[in-house]
Amino acid sequence: MYMATGSAEGDQQLLRIVMESRLSDRSEADVKMRGRPAEALLHELHMHQIELEKQNEELRRAQQSIEESRDHYLDLYDCAPIGYLTLNCAAVIIEVNLICAALFGVTRKELLNRRFLNFVSPEGREHWSRQFANKFVNRIIHGDKPSCEVALKRTDGSRFHARLDCLGLERAGQPPMVRIALTDITERWLAQQHLAAMVESAMDAIVSVDESLHIVLFNPAAERMFGLPAGEALGKSLEQLLPEELRRVHAQHIHSFSSAGAAKRNLENRSGMHGRRANGELFPIEASLSQVEVQGHKLFTVILREITERKRVEVALLETQADLNRAQAVGQIGSWRLNVQRNELRWSDENHRIFGIAKGTPLTYETFLSIIHPDDREYVDRTWQAALHGAPYDIDHRLIVHGAVKWVREKAELEFDAAGQLLGGFGTTQDITELKLAEQVLIEADRRKDEFLAMLGHELRNPLTPIRNAAQVLARMQSPEPQVCWAQEIIERQVVHLTRLVDDLLDVSRIVRGKVALRQETLLLATVVNQALDMARPLVEAKGHRFELRLPERPVWLRGDPVRLAQVLLNLLDNAAKYTPEGGYIELDIGVGGETIEIKVRDNGIGIPEELRPHVFDLFQQGDRALDRSQGGLGIGLTLVKRLLEMQGGQIEAASAGPGLGAEFTIRLPALVDASTAAGGAVAKTPSEMARCRVLVVDDDPAVADSMAALLAIEGNIVRTAANGEAALALARDFRPRLVLLDIGLGGMDGYQVARRLRAQQGADEKLCLVAVTGYSHEEARARVREAGFDRHLVKPVHPEAIYALLAEIAGLYPGEPE
């Protein structure tokens, strides 16, 4: 028996050798049998014939078996999952399977007897020829099984990449052949090319080392990072890229990583990882280490990223965060963020301090609500729910922190995603506890100040009343002595001046606090001007000023408070008179342009310095205050003017060419284009025209009561005085007065109580006019006067003209007085 070689030609040669060997053995036997009898020879021949026939049958069966084996071999050869081909020493294809033919896109016949070089891509042919001739053949002869990768082309011009695994075949008397297993690796090659491109273009440095930590890959980013060309890095130890103190640690790390068998590990910068440039400079890095086994050898790849800038930003961020925390602590303003979808609340350090909650405590909206003062909780929750629907969230409320009450001010802005879905809110919390305490102190101080000013006004007005009354008594006496007349005028003028100072002081206080209520009405501007001129005339004439008034030809109507507008003009005229040297010039010029009234007050006085002009309307601001030129005043007149005008829709501005060149104040007010009615005013009757009346004066200051009684008695009125409430009630029962001038600030029973009891004991048919006389002029005092049943409210010092007007009114209501 023999074994088939797998080649038809080889199998036939093997059979021939076996048969020739056997025939040679037979020839030697025939020689030995010569000389034997013929019968024996015939028998021997017969036996040889039988043996030969057996051998022929055995040969036939062997040949059939060889053919069957070859068919089976060819079936397996063609059905193999990779391509197979056989080349002779000239690299000519002498055998190929169907898969290989399919890879080239041709039939098996088209490949046979063609040089393999014809199917190698043009750019790789020279390399292939050199490899096949010098490397493959020599290595095959010596029993190696070399392999390579090569780009091949098909007959249609398309290309694919293949791996060639070679095996040499040598037979006696025949030249050697090369059998090649051809595997299509196009997909892998494309992936490798893509990976190589990624490595080349990667922004991060990529370095691969073998098990001995020698560099086998060094991409361009690594060249830039380390300042080292790839040619100088490849084959060198990784240690050159590391600081000396980290080399041993890094080697141990790679060894432990390799032993653990992990595929990847991130090397974070917790321990201060650094790289070393070619110039010796150290820089911070972060790295990711991976390992892969290639042909039984481990390959380690590290991806490096320089984080110098990140470290700088991190340091700056930490400094900024520290500064922010410090600023929040100094300003006592914390910040917070609420995720409404997850109900997660985050606080800054200062917010934790404000709310008294330890850092790290889980926080929700309910946590926040639980700390709010019970009396404010529903209000805060309602405000926040409204904010979720678009309302502003700007709120002051109280907290209960460790049993103590705190005040905070919170503001928030809502945050939405790109689709408009509510995400939550970001806000601030300011600790305003000290501010609230200070506010309470200020409120209390303001209340006490108001009380003081009211009391001051009352106490200042009380002595002015008898002084004014005494001056009026002197005037009514019509003394022929010039000095008496001069003294009376001086007293009257100074009483008016002091009264205005007190009124201005109280008015500006009320205006600043927004407690002045204007009584707007349609009025004729000329009426207001005449009232102001009447009040300003004494001072203007006393200083010998020349005064000129310019009025429009047609009546001018406007809406305003006549008393306050007259007060504005009076202040400006007084200001011009005071700050203009004696014998000066003052002009009041009124014009109308469209819907605007323009009133100018000019003088040729001391003027306004340029640096003072922007501040002339500031509170307590005055010009030259030298002792020899002081004109008195509190520096509040112009402030009062500006505020009163603004409350009525007006404006004022000051102009001056400089010191000694006078000043000009310009008022602008809205005019009424169509005024259908005129404001009429009652003309007070002169004392000689007034009817006589029974009057009861009630005041605990004898000077006030007696001077008022004397003033009224001169005009023929029947007057009684009382120093307290009980005396007033007793007198009223018998005296039956028609007018009672009642001081509010009486000792014991105050004026309000006296008024109520007078009304209670008043007969059904008795006519009684109750007038409150007080130093208090604020609105609260006026309201209390009305509630007590008074008919009028007069502020001390009471001007005689007001008394005369009141008496004239009573005379019209109750004719026939006195009885």
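The values are calculated or read from the model by the stated rules, or taken from the named source; none is laboratory data. Quick caveat: nothing in here was measured; it's all calculated off a predicted structure. Note: ideal-geometry Cβ built from the backbone for every residue, glycine included; neighbour counts use all protein chains shown.
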Report every pair of residues separated by at least 6 positions or lying on different chains whose Cβ atoms are under 7 Å apart, first residue within the range 771-793 and without any contact (Cβ under 8 Å) to a residue 40 or more places away in the chain, second part of a helix (DSSP H, G or I) and of a type in the set (Ser, Thr, Tyr). Arg784/Tyr752; Ala788/Tyr752
What are the residues in the range 403-430 that are within 21 Å of Arg342 (Cβ to Cβ), surrounded by fewer than 17 Cβ atoms within 10 Å (Cβ to Cβ) and either touching a Leu at 6+ places or on another chain (Cβ under 9 Å) or not assigned by TED's automatic domain parsing to the domain that holds Asn351 (or both), if any? Glu415, Phe416, Asp417, Leu422, Leu423, Phe426
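Yes or no, residue by residue, for (1) at pLDDT 80 or above; (2) aliphatic (A, V, I, L, M); (3) surrounded by fewer than 16 Cβ atoms within 10 Å (Cβ to Cβ):
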{"residue": "Gly681", "(1), (2), (3)": "no, no, yes"}
{"residue": "Thr686", "(1), (2), (3)": "no, no, yes"}
{"residue": "Ala722", "(1), (2), (3)": "yes, yes, no"}
{"residue": "Gly725", "(1), (2), (3)": "yes, no, no"}
{"residue": "Tyr752", "(1), (2), (3)": "yes, no, no"}
{"residue": "Leu768", "(1), (2), (3)": "yes, yes, no"}
{"residue": "Val771", "(1), (2), (3)": "yes, yes, no"}
{"residue": "Arg782", "(1), (2), (3)": "yes, no, no"}
For Tyr752: the one exception among (1) of a type in the set (Phe, Trp, Tyr); (2) over 60 Å from the mean Cα position of the chain (by Cα); (3) under 15 Å from Val773 (Cα atoms): (2)
In the set Ile395, Ile400, which member is among the β-branched types (Val, Ile, Thr), in a strand (DSSP E or B), touching a strand residue (DSSP E or B) at 6+ places or on another chain (Cβ under 7 Å) and in the same structural domain as Arg337 (by TED's automatic domain parsing)? Ile395
Is one or more of the residues making up the range 601-611 basic (Lys, Arg), over 27 Å from Arg519 (Cβ atoms) and at pLDDT 90 or above? yes
Residues in the range 291-302 that are under 18 Å from Gln252 (Cβ atoms) and surrounded by fewer than 16 Cβ atoms within 10 Å (Cβ to Cβ): how many? 1
Among helices (runs of 4 or more DSSP H) entirely within the range 25-120, at least 2 residues that are in contact with a strand residue (DSSP E or B) (Cβ under 7 Å, 6 or more places away or on another chain) and at pLDDT 80 or above occur in 98-104, 108-111
Would it be correct to say that Leu741 is touching a strand residue (DSSP E or B) at 6+ places or on another chain (Cβ under 6 Å) and in a strand (DSSP E or B)? yes
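Might you let me know whether the range 712-733 holds any residue that is touching a residue at least 40 places away in the same chain (Cβ under 8 Å), β-branched (Val, Ile, Thr) and in a helix (DSSP H, G or I)?
The answer is yes; a qualifying residue exists.
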Which of the residues spanning the range 693-718 are modelled with pLDDT of 85 or more, crowded, with 23+ Cβ neighbours inside 10 Å and β-branched (Val, Ile, Thr)? Val695, Val697, Val698
Close pairs (8 angstrom Cβ cut-off, 6 or more residues apart or separate chains): not assigned by TED's automatic domain parsing to the domain that holds Ala358 and modelled with pLDDT under 90 in the range 334-347, of a type in the set (Asp, Glu) and surrounded by 15 or more Cβ atoms within 10 Å (Cβ to Cβ) anywhere: none
Residues that are buried (at least 21 other Cβ atoms within 10 Å of the Cβ) and closer than 29 Å to Glu582 by Cβ, drawn from the range 646-655: Ile652
If you go through the range 431-444, how many residues are surrounded by 11 or more Cβ atoms within 10 Å (Cβ to Cβ) and more than 32 Å from the chain's Cα centre (by Cα)? 1
Reported set for the range 312-363 where residues are surrounded by 14 or more Cβ atoms within 10 Å (Cβ to Cβ) and part of a helix (DSSP H, G or I) is Leu324, Asn325, Gln328, Ala329, Asp349, Glu350, Asn351, His352, Arg353, Ile354, Phe355
Counting only residues that are in contact with a strand residue (DSSP E or B) (Cβ under 9 Å, 6 or more places away or on another chain) and aliphatic (A, V, I, L, M), the range 182-197 contains a total of 3
Within the range 755-790, can you find the residues that are under 58 Å from the mean Cα position of the chain (by Cα), outside any loop (DSSP other than H, G, I, E, B) and not acidic (Asp, Glu)? Thr774, Ala781, Arg782, Ala783, Arg784, Val785, Arg786, Ala788
Of (1) surrounded by 14 or more Cβ atoms within 10 Å (Cβ to Cβ); (2) of a type in the set (Asp, Glu); (3) without any contact (Cβ under 8 Å) to a residue 60 or more places away in the chain, Glu582 satisfies all except one. Which? (1)
Within the range 253-290, the residues that are aromatic (Phe, Trp, Tyr) and either at pLDDT below 80 or loosely packed, with under 14 Cβ neighbours inside 10 Å (or both) are Phe257
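For every residue, the table says whether it meets (1) of a type in the set (A, V, I, L, M, F, W, C); (2) assigned to a strand (DSSP E or B).
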residue: Arg382; (1), (2): no, no
residue: Val405; (1), (2): yes, yes
residue: Arg447; (1), (2): no, no
residue: Gln472; (1), (2): no, no
residue: Ala475; (1), (2): yes, no
Just a yes or no: is a residue in the range 177-184 closer than 11 Å to Phe119 by Cα and either in the same structural domain as Tyr84 (by TED's automatic domain parsing) or assigned to a helix (DSSP H, G or I) (or both)? no
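Suppose we keep only residues that are among the polar types (S, T, N, Q) and buried (at least 18 other Cβ atoms within 10 Å of the Cβ) within the range 476-533. Which one would you say is modelled with the highest pLDDT?
Gln531
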Going by the structure shown, is Ile206 farther than 26 Å from Ala151 by Cβ and in a strand (DSSP E or B)? no
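Quick one: which of Leu558, Leu569, Leu588, Leu640 is assigned to a helix (DSSP H, G or I) and at pLDDT 85 or above? Before the answer, list the steps.
Values: Leu558 fails: assigned to a helix (DSSP H, G or I); Leu588 fails: assigned to a helix (DSSP H, G or I); Leu640 fails: at pLDDT 85 or above.
When all the criteria are applied, what remains is Leu569.
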